[in-house]
Each structure stands twice: as C-alpha cells, then as structure tokens.
Amino acid sequence: MGHLFNFWNRYIRRYKYAVAFLVFMIIIGLVDENSLLVRYERRMDISNLKREIGKYQQQYDEESARLQSLMTDPAAVEKLAREKYLMKRADEDVFVIADSASND
C-alpha cells in the first residue's frame, strides 16, 4: 500500500493535468464512437464510394451517348438490331456461328 501511495504522491498528483489529458486522448482516440479508428474506416468507405460513383458516372455517360446515337442515327439502330437481336432485312439470310466455349 505504501508503494501505491508513494506513486500517487510522486507522479499522479504532480502530473494530474497530463494524466487527465492522456486519459481523455485515449478515450477520444480509441473508445469513442467517433474515434480516430472509426473516422479512418469511414474515410476509406467514403473514398471507395466516390470511386464507385465515378465508375457509374462514366457508365452513365457512355450509355447516354449510345442512347443519343440510337435516337438520331438510323444506322446505329440497324446495327443494334442486327447484332443484338439477330434481325435481318426481308431479302437476307442470317447465319449464326456459335463458339463451342461460349455454350458451357
């Protein structure tokens, strides 16, 4: 018990403000719901979401340009109909050649 009292008088009483500040920093830095670790994780989540937003924005821009070309260019509509839906004109024959690896 004497050692604890001696430690209390020498260090804790003398540096009580530093100890209180250190305890406060530990609570704020590690334990609190807005701790530095949680803030770091949230910042990483935000950066990942921003990257995902950029990816979807680029995809939206590409699809908007494609839609605009389909609305204005009859040749683009014909190309889409021929490639995706295998449509043909009345005087044409269509032969579809499937790759054996794509049938798996």
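Data table
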| quantity | calculated |
| --- | --- |
| Test set (1) out of contact with any Lys or Arg (no Cβ under 9 Å at 6 or more places or on another chain); (2) at pLDDT below 95 - GLU52 fails condition number | (2) |
| Count of the range 81-102 residues which are in a loop (DSSP other than H, G, I, E, B) and within 18 Å of LEU70 (Cβ to Cβ) | 2 |
| Selection within the range 26-82 - among the β-branched types (Val, Ile, Thr) and surrounded by 10 or more Cβ atoms within 10 Å (Cβ to Cβ) | ILE26, ILE27, ILE28, VAL38, ILE46, ILE53, VAL77 |
| Some residue of the range 31-43 being hydrophobic (A, V, I, L, M, F, W, C), within 30 Å of LYS79 (Cα to Cα) and either touching a strand residue (DSSP E or B) at 6+ places or on another chain (Cβ under 6 Å) or outside any loop (DSSP other than H, G, I, E, B) (or both) | no |
| Count of residues meeting criterion [modelled with pLDDT of 95 or more and of a type in the set (A, V, I, L, M)] in the range 23-49 | 3 |
| So ASP61, is it acidic (Asp, Glu) and at pLDDT 85 or above | yes |
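The values are calculated or read from the model by the stated rules, or taken from the named source; none is laboratory data. Note that the coordinates shown come from a computational prediction; the quantities given were computed from them, not determined experimentally. When we count neighbours, we look across all protein chains shown, and the Cβ atoms used for this are built from the backbone with ideal geometry, even at glycine.
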